[in-house]
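S.K.: Dumping the structure here so I can ask a few things about it.
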Amino acid sequence: MNEATLQERLLGLPLGKIRYFESTHSTNDEALAWAAEGAPDLSIVIADEQTAGRGRLNRKWFTPMGTALAFSIVLRPLAGSHLSRTVGLAGLAIADSLIKHGLTPRIKWPNDILLYGKKVAGILVEAVWSGAEIDSLVVGMGVNVHQESVPPSEYLQFPATSIEAELGDTPNREELVRTILSALIARRPQVDSNEFIRSWEDLLAFRGEQVQINTGDPQPLVGELLGLEPDGGVRLRDPHGQTLTVRFGDVSLRPAA
Ligand code: BT5
């Protein structure tokens with residue numbers, strides 16, 4: 001990725017500051033440290049390679065040099081805003097940009113973007129605390145652009161793909177960062193509305209289907225995926241007809257076996 005081209009493509013967006021790295025361990029780690037030092041709202045850390053990219057629970061996230069997007073956004077949330085919806089904001093921003101390319105993305109709750117049943121992007125939201133208050137959020141996004149960004153299947157818990165494989169063409173990575181950031185900026189003022197939850201729900205993968213959710217307990221929860229709660233939690237109808245809610249956290253969802 002060319003830093004000058006990136007800076008040029010991002011011109012005109014109301015961003016904070018931008019830090020570009022050819023290679024770094026994890027853009028979320030960089031952004032968390034920067035946020036703790038006072039990085040302004042909508043500051044961006046972006047890297048062409050991550051040597052220790054992270055998923056949730058310190059799972060590894062692959063970002064080989066020059067093949068993907070790996071960036072993190074610092075958000076300084078407004079008091080009273082629904083912070084638990086931030087993962088949805090990031091998911092919708094990535095989905096909006098894929099739709100612009102003529103693709104049909106789905107959001108696999110809570111933090112994956114799928115193209116035709118395979119994971120093309122993942123989101124990692126982390127907080128910087130100031131005492132008992134959230135000072136800022138760091139929203140990390142990893143998007144597989146070239147096919148070389150897709151890890152070998154033995155590393156994967158869920159099948160993966162790239163934009164290149166699904167589009168039959170390779171989008172310009174700098175332009176893709178711009179479309180994702182502008183979609184996030186456009187959606188952000190609506191994040192507390194009911195319409196926001198409805199847009200998120202409209203893109204949910206496996207809605208109306210039987211899914212299982214692994215919450216860390218020995219037995220996964222199983223049921224029909226009904227939709228979302230106002231806090232961004234997911235609602236299932238279990239085999240006894242009872243409705244149950246699972247909150248955002250270190251949980252993973254897949255179609256029921
Ligand atoms: C995620 O975690 O999906 C969140 C990934 C967030 C990555 C971004 S990149 C920029 C920023 N900086 C960071 O250090 N992180 C963020 P999770 O749901 O826990 O999924 C992790 C799992 O996805 C791994 O255990 C692998 O099975 C799989 N995986 C790893 N790399 C992948 C890739 N490039 N494409 C698809 N799946 C991958």
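S.K.: Which order do peptides 215-221, 27-33, 46-52 fall in by mean Cβ count within 10 Å, highest first?
M.R.: Working: 215-221: 11.1, 27-33: 22.3, 46-52: 19.9.
My ranking of the peptides, most packed first, is 27-33, 46-52, 215-221.
S.K.: How much length, in nm to one decimal, is gained on full extension between Val222 and Asp169, taken as 0.36 nm per residue of separation minus their Cα-Cα distance? Don't jump to the answer; show the numbers that get you there.
M.R.: Numbers: separation 53, 0.36 × 53 = 19.08 nm, distance 3.77 nm.
Working it through step by step, the gained length comes to 15.3 nm.
S.K.: Moving on. For the range 3-202, calculate the relative contact order in percent as a whole number, restricting contacts to Cα pairs under 8 Å that are 6 or more residues apart.
M.R.: Working: 388 pairs, mean separation 41.2, N = 200.
Relative contact order here is 21 percent.
S.K.: Find the Cα radius of gyration of the range 210-255, compare it with 2.2 N^0.38 Å by division, and give the number to two decimals. Mind showing how you got there, number by number?
M.R.: Values: Rg = 9.8 Å, N = 46, 2.2 N^0.38 = 9.4 Å.
In units of the globular-protein estimate, the range 210-255 measures up at 1.04.
S.K.: At 222 nm, what value in deg cm²/dmol follows for the chain if DSSP H runs of at least 4 each add -39500 (n - 2.57) and the sum is divided by all its residues, to the nearest 500?
M.R.: -7000 deg cm²/dmol
S.K.: Kirkwood Rh, Cα Rg: Rg to Rh for the range 113-189?
M.R.: Details: Rg = 15.3 Å, Rh = 14.4 Å.
A ratio of 1.07.
S.K.: Residues of the range 192-207 with the amide nitrogen closer than 13 Å to a label point 7 Å from the Cα of Ser81, along Cα-to-Cβ, please.
M.R.: Flagged as within label range: 192-193.
S.K.: For Ile185 and Ser199 in one chain, what is 0.36 nm times their gap in residues minus the Cα-Cα distance, to one decimal in nm? Intermediate values should be presented prior to the final figure.
M.R.: Working: separation 14, 0.36 × 14 = 5.04 nm, distance 1.55 nm.
That pair, Ile185 and Ser199, stretches by 3.5 nm at full extension.
S.K.: Here's something else I'd like to know. Check cross-link reach from Lys108 to the lysines: straight Cα distance under 21 Å, and skip same-chain residues fewer than eight apart.
M.R.: Lys60, Lys100, Lys118, Lys119
S.K.: About the Cα centre of the chain, how large is the charge dipole given +1 on each Lys and Arg Cβ and -1 on each Asp and Glu Cβ? Please answer in debye to the nearest 20. Intermediate values should be presented prior to the final figure.
M.R.: Numbers: 24 positive and 32 negative charges, 85 e Å.
Magnitude of the dipole: close to 400 debye.
S.K.: Full-extension gain between Asp41 and Ala132, please, as 0.36 nm times their residue separation minus the C-alpha to C-alpha distance.
M.R.: Details: separation 91, 0.36 × 91 = 32.76 nm, distance 1.99 nm.
The span from Asp41 to Ala132 would gain 30.8 nm if fully extended.
S.K.: How much space per residue, in cubic angstrom, does the convex hull of the C-alpha atoms of the range 27-68 take up?
M.R.: It is 78 Å³ per residue.
S.K.: Hey, another quick one. Asp192 versus Ala4, label points 7 Å from Cα toward the beta carbon: distance in nm?
M.R.: With each label point 7 Å from Cα toward Cβ, the separation is 4.4 nm.
S.K.: Take the alpha carbon atoms of the chain, find their radius of gyration, then divide it by 2.2 N^0.38 Å using N residues; give the quotient. Could the numbers behind the result be given before it?
M.R.: On the way: Rg = 17.6 Å, N = 257, 2.2 N^0.38 = 18.1 Å.
Taking the Cα Rg and dividing by 2.2 N^0.38 Å, one obtains 0.97.
S.K.: What number comes out for the charge environment of Glu22, summing +1 per Lys or Arg and -1 per Asp or Glu over other residues with Cβ under 14 Å away? Working shown, then result.
M.R.: On the way: positive: Arg19, Arg173; negative: Glu3, Glu30, Asp48, Glu49.
That works out to -2.
S.K.: For Lys119, what residues show an amide H to amide H distance below 5 Å, using hydrogens built from the backbone and excluding near sequence neighbours?
M.R.: So Lys119 has HN proximity to Ala160, Thr161.
S.K.: Quick one: grab the alpha carbon gyration tensor of the range 115-257, order the square roots of its eigenvalues as a ≥ b ≥ c, and give me rounded if a/c is under 1.5, else prolate or oblate depending on whether a/b is larger than b/c. Intermediate results must be reported in sequence, preceding the final value.
M.R.: Numbers: a/c = 1.63, a/b = 1.18, b/c = 1.38.
Note, shape of the range 115-257 comes out oblate.
Computed from the coordinates by the stated procedures, all read-outs in this text should not be read as laboratory data. The shown structure was predicted, so the numbers you read here are calculated from the model rather than taken from an experiment. Neighbour counts are summed over all protein chains in view; Cβ atoms, including those assigned to glycine, are modelled from backbone coordinates with ideal geometry.
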